[in-house]
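The values are calculated or read from the model by the stated rules, or taken from the named source; none is laboratory data. This structure is a prediction, so every number in the text was calculated from the model and none was measured. So basically every Cβ, Gly included, is an ideal-geometry build from the backbone, and we count neighbours across all protein chains shown. Just so you know, the surface numbers come from the protein's heavy atoms only, side chains and all, with ligands and any DNA or RNA stripped out. Shrake-Rupley method; radii C 1.70, N 1.55, O 1.52, S 1.80 Å.
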Amino acid sequence: MWAVVLLGVMLQSNKAYATVWNVGDNGWTFDVQGWESGKNFIAGDTLVFNYNVGDHSVAIVNESNYKACIVPEDAKIYSSGHDEFVLNKGVTYFVCGIPGHCDAGMHIAPNAA
């Protein structure tokens, strides 16, 4: 019984330390690459991508697609203008799904501890 209570407290305490990050500080826009540098992300943190609907989008891709700025045909593309993602442990690769935007610096790869 105490183990279940302790586990519940531990799970709740991890949520208290999660941070909500506004990607790019002023929004998901051109030349945002590098924004993640020097930030200490942890699993459970939320990234918020704010942008004008129709101007940009967000796609999660694998490392090779990230490096090549390729959004595969089967990638899920988010385009609400206010997209939120909870980070898992490790690196997550985000790019803009609008052609040419990733090449213009709309890509980040935060690494969550």
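Summary table below
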item: Contour minus Cα-Cα distance for residue 62 and residue 39 (0.36 nm per residue); result: 6.2 nm
item: Angle in degrees between helix 2-17 and the longest Cα principal axis of the chain, rounded to the nearest 10; result: 40 degrees
item: Zone residues, region 76-113, relative to residue 17, backbone N less than 12 Å from point 7 Å out along Cα-to-Cβ; result: 113
item: Geometric extent, Cα atoms of region 10-113 - Rg, Dmax (angstrom); result: 13.3, 44
item: Residue-by-residue Karplus 3J(HN,Hα) for region 28-34, coefficients 6.51, -1.76, 1.60, Hz, glycine and proline x; result: 7, 8, 4, 6, 7, 4, x
item: Environment charge of residue 65, counting only residues whose C-beta is closer than 14 Å and scoring Lys/Arg +1, Asp/Glu -1; result: -2
item: Amide hydrogen neighbours beyond the local backbone of residue 33, cut-off 5 Å, H modeled; result: 107
item: Burial ranking of peptide ranges 55-61, 20-26, 36-42 (average Cβ count within 10 Å, highest at the top); result: 55-61, 20-26, 36-42
item: Portion, in percent, of the accessible area of the chain that falls on carbon or sulfur, probe 1.4 Å; result: 55 percent
item: Dipole moment magnitude, nearest 20 debye, the chain about Cα centre, only Lys, Arg, Asp, Glu C-beta charged; result: 420 debye
item: Beta bridge orientation in the chain: antiparallel %, DSSP, nearest 5; result: 75 percent
item: Per residue value of the accessible surface for the chain (all protein chains in place, 1.4 Å probe), Å²; result: 61 Å²
item: Residue-by-residue Karplus 3J(HN,Hα) for region 51-58, coefficients 6.51, -1.76, 1.60, Hz, glycine and proline x; result: 6, 6, 4, x, 7, 8, 7, 9
